[in-house]
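Structure, as structure tokens:
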Amino acid sequence: MDNTELMLASSCYGDPSKPALVLLHGFLGNKQDWQTLMPRLSQHFYCVCLDLPGHGDSPSITLDKPGFVQVSQVIEQTLAALNVSHFHLLGYSLGGRIALHIALLMPEKVLSMTLESCHYGLDSQVSRSERLQNDEQWDERLQHLTMTEFLTLWYRQAVFADLSDDVRANLIKRRANNTAAALRSIYLATSLGQQQHLSNIPNQLVGDWHYFVGKQDKKFMHLAQQWQSKAPIKLHFFENAGHNIHLVSSQAFCNTLIQHLLKDRT
């Protein structure tokens, strides 16, 4: 497929005359992941929820390794087709790491950046190689296990330890319609092991940067505090939440996002 003609699937909510807020989900997710937030957020923003390549209703893309720039370019094409020229950007996990590359690709279009549980990149080639080896093992599981078997293992990782059994079971059920081939088309190409170390981006670009982190997510709490020590990042901590804050604390998530993005405009 010619990537220059490609558009990603999208769902838009609210008044197009309001400031745009582009939302990027994480690995295994889709644009519906933001659905519970839309009644609140769409009162203040024109919300554009995208399906990343290989997810939801979006097609797969043949990606180089790394594939972050290609994914960012397809997002840029999609937003142009939707007449979205300037926007606040919100990215969760993988969506946040892609958002960092969007900020590099089109900094003049990004009004503000909000990252949820997002890694800015590993700081050594050894660390990147180790991570890539780990992700290659997950890619093998994707290839050989059923989707339910894969998801059961995936959501048993330590980063999801805060999820209740009911929430975990519901996630597995919701994600079971993913296809392995589509996920594999993007997974290794956007591995953290393929990503550059991007912690310095907030020092280079104009605009406000917000980082949302759950207090139960010890790994990303530490990472967020490290990042804040060397970049102008505003940290926002959430009680009783782990890696996926917008899922388990949607009301607090909305309140914080609205408060700070509207403050940034004043």
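Derivation of every value follows stated rules applied to the coordinates shown; laboratory data play no part. Just so it is clear, the model here is predicted, and its values are computed rather than measured. Neighbour counts run over all protein chains shown; Cβ positions are idealised from the backbone, glycine included.
Things worth noting here:
- Amide H contacts of residue 24 (H built 1.01 Å from N, under 5 Å, at least 5 apart or other chain): 90, 91, 92
- Structure-based [θ]222 nm, the chain - -39500 (n - 2.57) summed over DSSP H runs of at least 4, per residue, nearest 500: -12500 deg cm²/dmol
- Considering only 163, 93, 60, and ranking their Cα positions along the charge dipole of the chain that arises from unit charges at the beta-carbon of Lys, Arg, Asp and Glu, the one farthest toward the positive end is 163.
- Theoretical FRET efficiency, 1/(1+(r/R0)^6), r = Cβ-Cβ of residue 62 and residue 239, R0 41 Å, to 0.05: 0.45
- Distance (nanometres) between label positions extended 7 Å along Cα→Cβ at residue 81 and residue 130: 4.2 nm
- Convex hull volume per residue, computed on the Cα atoms of the stretch 163-266, equals 146 Å³.
- Computed magnitude of the charge dipole of the chain (debye, nearest 20; Cβ of K, R +1, Cβ of D, E -1): 520 debye
- Whole-angstrom Cα spans of the stretch 51-91 along principal axes, big to small: 28, 21, 19
- By the equivalent-ellipsoid construction on the alpha carbon gyration tensor, the chain comes out with semi-axes of 25, 21, 20 Å, ordered largest to smallest.
- Measuring against 23 Å, Cα to Cα, the residue pairs 234/263; 18/109; 18/263; 31/218; 109/234 contain 31/218 as the ones spanning a longer distance.
- Taking the Kirkwood radius as Rh and the Cα radius of gyration as Rg, the stretch 5-95 has a ratio of Rg/Rh equal to 0.95.
- Here each label is just a point 7 Å from Cα along the line to Cβ, and for residue 215 and residue 259 those points are 1.4 nm apart.
- Net length gained if the chain between residue 169 and residue 144 were fully extended (0.36 nm per residue, minus Cα distance): 6.9 nm
- Charged neighbours of residue 13, selected by a Cβ distance under 12 Å, balance to +2 (K, R count +1; D, E count -1).
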